[in-house]
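Chemist: Below is one structure. I have some questions about it.
A short reminder: the numbers here are calculations on the coordinates, not readings from a lab. Only a predicted model underlies this, so the values are computations on that prediction, with no experimental measurement involved. Note: ideal-geometry Cβ built from the backbone for every residue, glycine included; neighbour counts use all protein chains shown.
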Amino acid sequence: MSDEQGAGVYRQWLQDDRVEPELRAELQSLEAQGMVDELRDRFAGDLEFGTGGLRARMGAGTNRMNVHTVRKASAGVARWICAGFADGQRRLVIGYDGRRQSAQFAEDTARVAAFYGVTSYLFPAARPTPLLSFAVRHLGCSAGIMVTASHNPPEYNGYKVYGADGCQVLPDGAAVIVREMESVGDVLAVPLLSKADAAQSGLLHTVGPDVEAAYRAALTVLHRDLGAGVKDQLRIVYTPLHGTGGALVPSALAAAGFANVHVVKQQANLDSEFTHVASPNPEEAKAYDLALALAHELAQTPGEAPDVLLATDPDADRVGVMARDASGQYVPLSGNDIGGLVLADYLPYLQATGTLGADATVVTTHVTSDFGEAVARSYGADTVRTLTGFKYIGEQIARYEASGSRSFVFGYEESVGYLAKPFVRDKDSVQAVLLIAQMAAAVKARSSTLPDALLDLFAKHGYYRDRLLSFTFEGQTGHVRMQKLMAALREDPLTVSGQEPLSVEDTLEGVRRYPDKTSEPLDLPQADVLKHVFVGGAWIAVRPSGTEPKLKAYLGVCEAGDRAATERLDAMEAALRTRLASYLQ
């Protein structure tokens, strides 16, 4: 959309009675404050529907999350369902988290779907994303929608679309939805029924408690008998970070036999403003401020110091961990650390129970550390890598089921997302919490700690260390600078300490390039990612985020010692920051 077109649409929104009154008032306020650049950005184009759906700041404008852009997306999804399924099969389940307007967006989605004759099943309250994924399959729906912005700040909201397999929609499906959205036309003219008419027509139903009960029952397959009193000895601090995890995680832990669970009270309730949370992202240290305060308070009583701190993000698909070490300090464990630790606990359990077959396969991403792969290999399990995004892990699960070629045993991403049992086809923090708690209890029963158990694995497999960096590129100008950076890196790859990479994996062009200008094809889906591989297996991957105005950089090394690993990471980070400096102005 050109600036002239954007200005015309903006004037329409100011004058058109179909625009929600609060949105028009917001635009009038921005204009009165002379916020020209902000208004230009809000109407710079239509909000982009990515491979998983929408995610953006909330507010008035075609480039923001609001009732009108949500309705247009919902019309696209409804038309996609109608094109792919017969009358009696057009069923949609809709979930939402506790963010601003999430409940309204979910209801509007159902009302738009009803206009197109699609039957919707709407959750009656905010619930975790993995429960939505489960419900798609349990209810036999043709699609699912989850209204959430995951771990983003409170000013964001989002909209994830799931296919009939309970997996987030893949690029081919997303492309069809985008075409259907474009055919809808005027974002202010999306048709929808009233909630009452939709219900009276039998096109809107409430998800019953039986769905959640079935999910809870499915979780019991992960319960393990660790011996008398072992689970009682583990002390846990848990925070849902004002999100939906509070509805399921504490009770799931209790059902698995963990009685010593202390919930951070200030963060236990749903709160769209995240009032008592410095960051709702469990990958960030500041998310644990209150959990740490509670842990230190409990530790004042001899023998009551918590062993692990667990934090789920607002839609409870991811879980982060801090663990007490032998000195009594709480140290953060990365998603890569937890992935390796869980595999070192879970795979031998499967082996002992005769359920780890010769075709056992762990699925992860190509920006995840090699640590988990080394652990899996030691138990005879293969590792398959795919693109970032759990939808691609879900895609692999479906392929294995269809072909019978492999047996899925575990999937995970470095961004603290994990899945063991595929009755869910997205990352599932509730499953992960059970695995982590049982692992931590078993480690404590051996008079050890999770940090020490991690060091034991490093001593066996090599010292794998990793680092995640994020660089913000706000607005249209930021997007342009980020694209220029990616183009420059394709033309002239990164160097570290004067060393060129041994290879560069370019998933946008689908090739692996070598310094001698030769190349070979990559067996990965298309995405804008560059992975530089250096001597000794060290690597740096960079990609524009699909959900935020950020460039993500992933660094991974494996060395003979911890100090050497840290020093190499530092050198790699310094080289990367130097190369990016001119693009961050």
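Chemist: What are the lysines whose alpha-carbon lies under 24 Å from the alpha-carbon of Lys550, with same-chain residues fewer than 8 places away excluded?
Modeler: Lys160, Lys286, Lys391, Lys427, Lys484, Lys531
Chemist: From zero outward in steps of 10 Å, how is the percent of C-alpha pairs of the chain spread across the bins?
Modeler: Using 10 Å bins, I get a P(r) of 3, 17, 27, 27, 18, 7, 1, 0 for the chain.
Chemist: Continuing with the same structure: Between region 153-173 and region 395-450, how many Å separate their Cα centres?
Modeler: Spelled out, the Cα-based centre of one part sits 21 Å from the other.
Chemist: Checking the cross-link filter: which lysines have an alpha carbon closer than 18 Å to that of Lys444, excluding same-chain neighbours under 8 positions apart?
Modeler: Lys444 reaches Lys231.
Chemist: Can you give the local net charge around Gly462? Use residues other than it whose beta-carbon is closer than 9 angstrom to its beta-carbon, Lys and Arg +1, Asp and Glu -1.
Modeler: -1
Chemist: Listing Tyr330, Tyr162, Tyr583 from the residue with the fewest other Cβ atoms within 10 Å to the one with the most, what is the order?
Modeler: Tyr583, Tyr330, Tyr162
Chemist: Pop out the ³J(HN,Hα) list for region 447-460 in order, Karplus 6.51 cos²θ - 1.76 cosθ + 1.60 with θ = phi - 60°, rounded to Hz; leave Gly and Pro as x.
Modeler: Per-residue couplings from phi come out as 6, 10, 10, 4, x, 5, 4, 5, 5, 4, 5, 4, 4, 7 Hz.
Chemist: How would Leu508, Leu248, Leu292 line up from fewest to most surrounding beta-carbon atoms within 10 angstrom?
Modeler: Numbers: Leu508 13, Leu248 23, Leu292 16.
Exposure proxy ranking, most exposed first: Leu508, Leu292, Leu248.
Chemist: Next up: Any chance you could check the Cα centroid distance between region 509-585 and region 293-342 for me, in angstrom?
Modeler: What the calculation gives is 29 Å, centre to centre.
Chemist: Rounded, prolate or oblate: which fits region 48-209, taking a ≥ b ≥ c as square roots of the Cα gyration tensor eigenvalues, rounded meaning a/c under 1.5, else prolate when a/b beats b/c? Before the final figure, lay out each step's value.
Modeler: Working: a/c = 1.25, a/b = 1.13, b/c = 1.11.
In terms of gyration-tensor shape, rounded.
Chemist: Read phi for every residue in region 247-259 and hand back ³J(HN,Hα) as whole Hz from Karplus 6.51 cos²θ - 1.76 cosθ + 1.60, θ = phi - 60°, with x for Gly and Pro.
Modeler: With the stated coefficients, region 247-259 comes to 6, 10, 5, x, 5, 5, 5, 4, 5, 8, x, 9, 9 Hz.
Chemist: Based on other C-beta atoms within 10 Å, arrange Lys160, Lys517 from fewest to most. Intermediate results must be reported in sequence, preceding the final value.
Modeler: Working: Lys160 27, Lys517 6.
So the residues, fewest neighbours to most, are Lys517, Lys160.
Chemist: Turning to a different aspect of this structure: Using the Karplus curve 6.51 cos²θ - 1.76 cosθ + 1.60 with θ = phi - 60°, what ³J(HN,Hα) values do you get for each residue of region 349-356, in whole Hz, with x for Gly and Pro?
Modeler: Each residue of region 349-356 in turn: 5, 4, 4, 5, 8, x, 10, 9 Hz.
Chemist: I would also like to ask the following. Apply the a/c threshold of 1.5 to the C-alpha gyration tensor of region 1-45 and tell me whether it is rounded, prolate or oblate.
Modeler: Verdict is oblate for region 1-45.
Chemist: What residues qualify as long-range amide H neighbours of Leu122, i.e. H under 5 Å apart, gap of 5 or more or another chain, H built at 1.01 Å from N?
Modeler: The answer is Ile94, His205, Thr206, Val207.
Chemist: Would you mind counting up the charge near Arg127? Only other residues with Cβ under 11 Å from its Cβ, with Lys and Arg at +1 and Asp and Glu at -1.
Modeler: So the environment of Arg127 carries a net charge of -3.
Chemist: Rounded, prolate or oblate: which one fits region 464-583, using the alpha carbon gyration tensor with axes a ≥ b ≥ c (rounded when a/c is under 1.5, else prolate when a/b beats b/c, else oblate)?
Modeler: Working: a/c = 1.72, a/b = 1.20, b/c = 1.44.
It comes out oblate by the Cα gyration axes.
Chemist: Tell me what the chain gives for mean residue ellipticity at 222 nm when only DSSP H runs of n ≥ 4 count, each as -39,500 (n - 2.57), the sum divided by the residue total, rounded to 500 deg cm²/dmol.
Modeler: Mean residue ellipticity, 222 nm, calculated: -12500 deg cm²/dmol.
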